[in-house]
Amino acid sequence: MSEFDSLLQGMNLILTPGHIGLMVIGVLLGILVGVLPGLGAPNGVALLLPLTFTMSPVSAIILLSCMYWGALFGGSITSILFNIPGEPSSVATTFDGYPMAREGRAAEALTAAFSSALIGALAGVLLLTFLSTKIAAFAMSFSSPEFFAVYLLAFCTFIGMSKNPPLKTVVAMMIGFAMAAVGMDTVSGNLRLTFDQPILMTGISFEVAVIGLFGIGEILCTVEEGLVFRGEHARITPMVILRTWAKLPRYWWTIVRSTLVGCWMGITPGGPTAASFMSYSLARRFSKNRENFGKGELEGVIAPETADHAAGTSALLPMLTLGIPGSATAAVMLGGLMIWGLHPGPTLFVEQHDFVWGLIASMYLGNVVSLIVVLATVPLFASILRIPFSIIAPIIIMVCAIGAYSVHNSFFDVVLMLGFGALGYLFKKLGYPIAPLVLAAVLGDKAEDAFRQSMLFSDGHLGIFWSNPLVGSLTTAALLMLFWPLISKGLSSLMGLRKPHVAKTKSVL
Amino acid sequence: MSHSSDSPALVGTRWVELGLTVFTALIGVVVMFGSVEQGIGWGDSGPEPGYFPFYIGLMLSAASVANGVLTLVRWHALSIAFVSRSAFKQVLSVFIPIALFVGAMPFTGIYVASACFIAWFMWRDKVRAKPYGKLMIGSVSLGAVLASYLIFALWFKVPLDAGPMGDWIALAGRNFK
């Protein structure tokens, strides 16, 4: 098996003390940003990006991806102990995790969450290992129209599948595209949308937008809600871990189902948040202890956590093979790859063999390292949350400001960050999604290039997007996804079917 | 933007909603305007630079207008308060200092501005039963600044603008030698 050989090669590459050290640092930083309010995985990765420019791409991606895993784990700590989801994707974990902690079963809930998360993540990596080369090989035959159709599919899925109002998703996405267009046009070299302001010549960086929208926006929301951290205590002993592990096999079917949901939502741009909610509601529907859900049912912790991590890891599959990130964090990492001079997409697997397999190998190891680190450091990170907000908040804001500044060493970026912060606050309060904005800001130039080249091929006829069966079916699928809310409404009214669980998940959000 | 902080009454969600749609629609118009400047047609070498962004701007404006219309349709349902006055005061009490912090940065440098910002934030916290002592405030703010210097400037070689303070220290260091 060539995948297996490549994987061994990758393992060989990353099994050095330096890389393992980076993993531990990445995981610790990840848990930290996952635990702190206002900082999350997309934000943490954006803040860390400028620091990785001096590293080799393999070391840099190990650091960033481990930060991602750490943040996913960290989000569950606050969900279970404090009833505060550190990440949007761990909201579903609070439903049963916090009641368990109230009953004094915090250690059990945490162990179950982390262990099932690891299973989900490993399933995602397995999928990545054995599917990515095939998808990349298939995508090698893509040319510009196919690539644009794939981008279109990703964006339309976001609009059609989002829990936010479709038109608000469109607005957020178009702002991202507009941001990407500012600055030098990659084809003609003209300066666009700069209005003769030299300060806009370098364009608007997506990192600044991410830091402002997620970081400052989140802080403002937190302040408004007047959050007080009152958490449960947890001590994880080896005995609790073993006892919880003994219980896990009983839930094998929940784990398998959640993994499938997670992998699917991760590959399609549904993202970890949607995956965890869907998996939770499915688990509740099929469980024998249905009435115990929401009151501290172990299964209600296992299901969203497995799906969350499966989606988080499999989001890297479309990112690496097609250049399309499945989540906001993956989008930021993709931006990082481009800054390091790598071109995500099918050619990456040929040209950067070591990098790709180093990353995949590091995902196996990184997730195991995460589990060990997170089990050992829960009390430490829980105590960080007990530091008063008036100390934590200004430090987070300072880190955000420094992060925005260090992107281009420019104070203008810090001002932009503030503007994006205000926008992020309004967006969050009014139900505009932020992830599509980030995705469009990162992918805008590539999507535009693909579109313009397709138009060149066809002399400006849109018919090129239906010129062969492959691109035609991709484009049609994209349009189906775009109008999915209307189509599904039509179908269900046609068949007289009502889906009560859909309404329920929505009301929970 | 759509903060109506000067209005005495609590602002309704509908006004904020409407304000944001106007704001995004305006961005769309600006994008379209900028694209037209670059040419949105078909040049010698295919699509002109403004070709793609123009439609982005158009879609942005169109979607914003549609959002605005939806807001008007749901006008009565959206009469709930966007934010209570005390909560908004809280938000402003954090947002204004951040704005001052950001505004002061180019003049004082990052380190001085950050230290002052953290110190002020801690000093202002009167909600706590016991205010922070001077020693506590000083050590936290200076410690955070020192840590950021060590991590960013020293270990990762990302230079942070130290402002005039940094110049003085550099000058003093040179004279000392």
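The values are calculated or read from the model by the stated rules, or taken from the named source; none is laboratory data. Treat the numbers as computed from the prediction; the structure is a model and nothing was measured. No Cβ is skipped: glycine too gets one built from the backbone with ideal geometry, and neighbour counts run over all protein chains shown. Quick note on the areas: whole protein, heavy atoms, side chains included, nothing else; ligands and nucleic acids left out. Shrake-Rupley method; radii C 1.70, N 1.55, O 1.52, S 1.80 Å.
Quick notes on this one:
- Extreme residue, nearest to the chain's Cα centre (by Cα), among residues of segment B:136-162 that are part of a loop (DSSP other than H, G, I, E, B) and of a type outside the set (A, V, I, L, M, F, W, C): B:ASP161
- Some residue of segment A:9-31 being polar (S, T, N, Q), in contact (Cβ under 8 Å) with a residue 40 or more places away in the chain and under 22 Å from A:GLY403 (Cβ atoms): no
- Selection within segment B:75-92 - in contact (Cβ under 8 Å) with a residue 24 or more places away in the chain and out of contact with any strand residue (DSSP E or B) (no Cβ under 9 Å at 6 or more places or on another chain): B:TRP75, B:VAL83, B:SER84, B:ARG85, B:PHE88, B:LEU92
- The set of residues from segment B:137-177 being within 9 Å of chain A (Cβ to nearest Cβ) and more than 21 Å from A:LEU51 (Cβ to Cβ) comprises B:VAL140, B:SER141.
- Considering residues of segment A:189-226 that are in contact with a strand residue (DSSP E or B) (Cβ under 9 Å, 6 or more places away or on another chain), away from every other protein chain (no Cβ under 12 Å) and not β-branched (Val, Ile, Thr) only, the residue surrounded by the most Cβ atoms within 10 Å (Cβ to Cβ): A:GLY203
- When A:SER467, A:SER454 are screened for being hydroxyl-bearing (Ser, Thr, Tyr) and open to solvent by 40 Å² or more (accessible area, probe 1.4 Å), only A:SER467 passes.
- Single match in A:THR157, A:THR133, A:THR186 (criterion: more than 9 Å from every other protein chain (Cβ to nearest Cβ), surrounded by fewer than 23 Cβ atoms within 10 Å (Cβ to Cβ), more than 27 Å from A:ILE434 (Cα to Cα) and in contact (Cβ under 8 Å) with a residue 24 or more places away in the chain): A:THR133
- Among the residues of segment A:405-430, those identified as assigned to a helix (DSSP H, G or I), out of contact with any Gly (no Cβ under 9 Å at 6 or more places or on another chain) and either open to solvent by 10 Å² or more (accessible area, probe 1.4 Å) or facing chain B (nearest Cβ under 7 Å) (or both) are A:TYR405, A:SER406, A:VAL407, A:HIS408, A:PHE411, A:PHE412, A:VAL414, A:LYS429, A:LEU430.
- Meets criteria (touching a Phe, Trp or Tyr at 6+ places or on another chain (Cβ under 8 Å) and in a helix (DSSP H, G or I)) for A:VAL33: no
- Among the residues of segment A:160-174, the ones that are β-branched (Val, Ile, Thr) and open to solvent by less than 10 Å² (accessible area, probe 1.4 Å) come to 2 in all.
- In segment A:345-359, the residues that are crowded, with 24+ Cβ neighbours inside 10 Å and either β-branched (Val, Ile, Thr) or modelled with pLDDT under 85 (or both): A:VAL356
- Residue in segment A:176-186 that is within 24 Å of the chain's Cα centre (by Cα), within 26 Å of A:THR52 (Cβ to Cβ) and not hydrophobic (A, V, I, L, M, F, W, C) present: yes
- Once segment A:311-341 is narrowed to residues that are assigned to a loop (DSSP other than H, G, I, E, B) and out of contact with any helix residue (DSSP H, G or I) (no Cβ under 6 Å at 6 or more places or on another chain), the residue that is nearest to A:ALA440 (Cα to Cα) is A:GLY323.
- Output for segment A:67-110, where each listed residue is β-branched (Val, Ile, Thr) and under 13 Å from A:GLY40 (Cβ atoms): A:THR78, A:ILE84, A:VAL91
- Selection of segment A:279-310 for residues being in a helix (DSSP H, G or I) and surrounded by fewer than 24 Cβ atoms within 10 Å (Cβ to Cβ) yields A:SER281, A:LEU282, A:ARG284, A:ARG285, A:PHE286, A:ARG290, A:GLU291, A:ASN292.
- Residue, farthest from B:GLY50 (Cα to Cα), within segment A:431-441, restricted to residues that are open to solvent by 10 Å² or more (accessible area, probe 1.4 Å) and part of a helix (DSSP H, G or I): A:ALA435
- Count of residues meeting criterion [open to solvent by 10 Å² or more (accessible area, probe 1.4 Å) and not β-branched (Val, Ile, Thr)] in segment A:328-341: 4
- Filtering A:ILE395, A:ILE402 for residues that are within 8 Å of chain B (Cβ to nearest Cβ) and out of contact with any Phe, Trp or Tyr (no Cβ under 8 Å at 6 or more places or on another chain) leaves a single hit, A:ILE395.
- Residue in segment A:230-245 that is under 30 Å from B:PHE121 (Cα atoms) and touching a Ser or Thr at 6+ places or on another chain (Cβ under 9 Å) present: yes
- Helices (runs of 4 or more DSSP H) (entirely within segment B:1-119) containing at least 1 residues that are within 10 Å of chain A (Cβ to nearest Cβ), more than 30 Å from A:ILE395 (Cβ to Cβ) and open to solvent by 40 Å² or more (accessible area, probe 1.4 Å): B:13-38, B:51-73
- The set of residues from segment B:120-135 being more than 16 Å from A:VAL399 (Cβ to Cβ), among the aromatic types (Phe, Trp, Tyr) and either open to solvent by 50 Å² or more (accessible area, probe 1.4 Å) or part of a helix (DSSP H, G or I) (or both) comprises B:TRP120, B:TRP123.
- Residue count for segment B:17-54 satisfying the condition of being of a type outside the set (D, E, K, R) and closer than 25 Å to A:GLY424 by Cβ: 17.
- Test: residue in segment A:376-394 that is charged (D, E, K, R), over 30 Å from B:GLY109 (Cα atoms), open to solvent by 10 Å² or more (accessible area, probe 1.4 Å) and not in a helix (DSSP H, G or I): yes
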